[in-house]
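Step one of this worksheet: look at the structure below.
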Ligand code: AHR
């Protein structure tokens, strides 16, 4: 960080001198002249879903475009790998550490190590449940509870005239913030109405294969399912395969609501196989670069930056698909 701040100071001085000499301001960059001097260590969850792939590309492209060095580490879905990666970033004395925590709990020790080493940490996509929020500078990502509530609002409207609604839930990775919060969000809206019964809820680990396997089991033990609530598109796409294999029509015989809005999910939605998708944007790279620049230069940043998101109906998905980037 000192190195980055030092270069930033020299850059600022050069810009000031250019200004005195009547030259244009074209020579400096937004990081204060840092160029490729900013080094960021980033620990990614893994490659479990279409969303995750799009998120990785967004982050890698944004750092490449800015001319900064990104030390990228794939945790393959394991918290211990993320802890190892963070310790390695500390050893390498990177300017900033960013990561998307696989699960919410168990981060205090390693975050204290980063703090003691004077390396600012930025949480991206997912948060940690630490009571000490001085252990990180900022958390950039979605409001997962709001996403679950949006799904719940659609369910409440869609089944407004029904007497009884049998729901199965495909949960994300156990202990992950989006799994905990999307479960909570749905229940915040429909939880008090006895006509909604969540008869089965199990993790499909945010993967298509997991969603398919769990849905096959759900279909065997629950003959009258009205709705699948999948915590992401990939698990919903797996559920579609299981429903079709069982001789039923997804989106008609069994309604499906998912979260993410990646291209494959949006395609299934436009084909009527999914009924609603709650958007969760993976395009966090450019904002992460801005935050990294600021914290490396010792500037204040907002503690919580919430990503703006919407929902997609079948018609809206058809309209949005031609321009969908991911
Ligand atoms: O943390 C974001 C979630 O993680 C996405 O909704 C899911 O697809 C991914 O695996």
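All of the numbers you see were taken from the coordinates with simple rules; none came from a lab. None of the values given here were measured: they were computed from a predicted structure. In this analysis, Cβ positions are derived from the backbone assuming ideal geometry, glycine residues included, and neighbour counts consider all displayed protein chains.
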Query - Where Rh is the Kirkwood radius over Cα pairs, Rg/Rh for the range 225-289 - result: 1.08
Query raised in the report: Considering only DSSP beta bridges whose two residues both sit in the range 144-280, what percent are antiparallel, to the nearest 5?
Result: 0 percent
Query raised in the report: Across bins of 10 angstrom width beginning at 0, how are the C-alpha pair distances of the range 153-206 distributed, in whole percent?
Result: 23, 52, 23, 2
Requested in this report: Taking the Cβ of each residue in 283, 227, 170 as the centre, tally the other Cβ atoms inside 10 Å and list the residues starting with the fewest.
Outcome: 283, 227, 170
Query raised in the report: If we count other beta carbons within 10 Å of each Cβ, what is the order of 108, 163, 233, fewest first?
Result: 163, 108, 233
Report summary line: Ranked by GNM mean-square fluctuation in the chain (Cα springs under 10 Å), the top entry among 92, 76, 44 is 92
Report summary line: Relative to the chain, whose Cα atoms define the longest principal axis, helix 2-20 and its Cα axis are tilted in degrees, nearest 10, by 60 degrees
Query raised in the report: According to a simple spin-label model (label point 7 Å from Cα along Cα-to-Cβ), what is the distance in nm between residue 192 and residue 302?
Result: 3.0 nm
**Report entry** Relative intensity, log₁₀ I(q)/I(0), of the range 144-280 from a Debye sum that treats every alpha carbon as a point, q = 0.20, 0.22 Å⁻¹
**Finding:** -1.15, -1.44
Query raised in the report: Given the convex hull of the Cα atoms of the chain, what is a quarter of its surface area in nm²?
Result: 18.0 nm²
Report summary line: quick note, the chain, DSSP beta bridge pairs, % antiparallel (nearest 5) is 5 percent
Report summary line: In nanometres, the difference between 0.36 nm per residue of separation and the alpha-carbon distance of residue 92 and residue 283 is 66.0 nm
Query raised in the report: Given labels modelled 7 Å from the Cα in the Cβ direction, how far is it in nm from residue 325 to residue 221?
Result: 4.2 nm
Report task. Could you line up 99, 196 from fewest to most neighbouring Cβ atoms inside 10 Å? Result -> 196, 99
Query raised in the report: What Rg and what Dmax come out for the range 123-178 when only alpha-carbon atoms are used, in angstroms?
Result: 16.0, 49
Query - Angle in degrees between helix 177-190 and the longest Cα principal axis of the chain, rounded to the nearest 10 - result: 50 degrees
Query raised in the report: Given a cut-off of under 8 Å on Cα pairs at least six residues apart, what relative contact order in percent is computed for the chain?
Result: 17 percent
Query raised in the report: Full extension from residue 209 to residue 241: what is 0.36 nm times the residue separation minus their Cα-Cα distance, to one decimal in nm?
Result: 10.6 nm
Query raised in the report: By how many degrees, 0 to 90 and rounded to 10, does the Cα axis of helix 233-245 deviate from the longest principal axis of the chain?
Result: 30 degrees
Requested in this report: Distance between Cα centroids, the range 239-255 to the range 37-102: provide it in whole Å.
Outcome: 37 Å
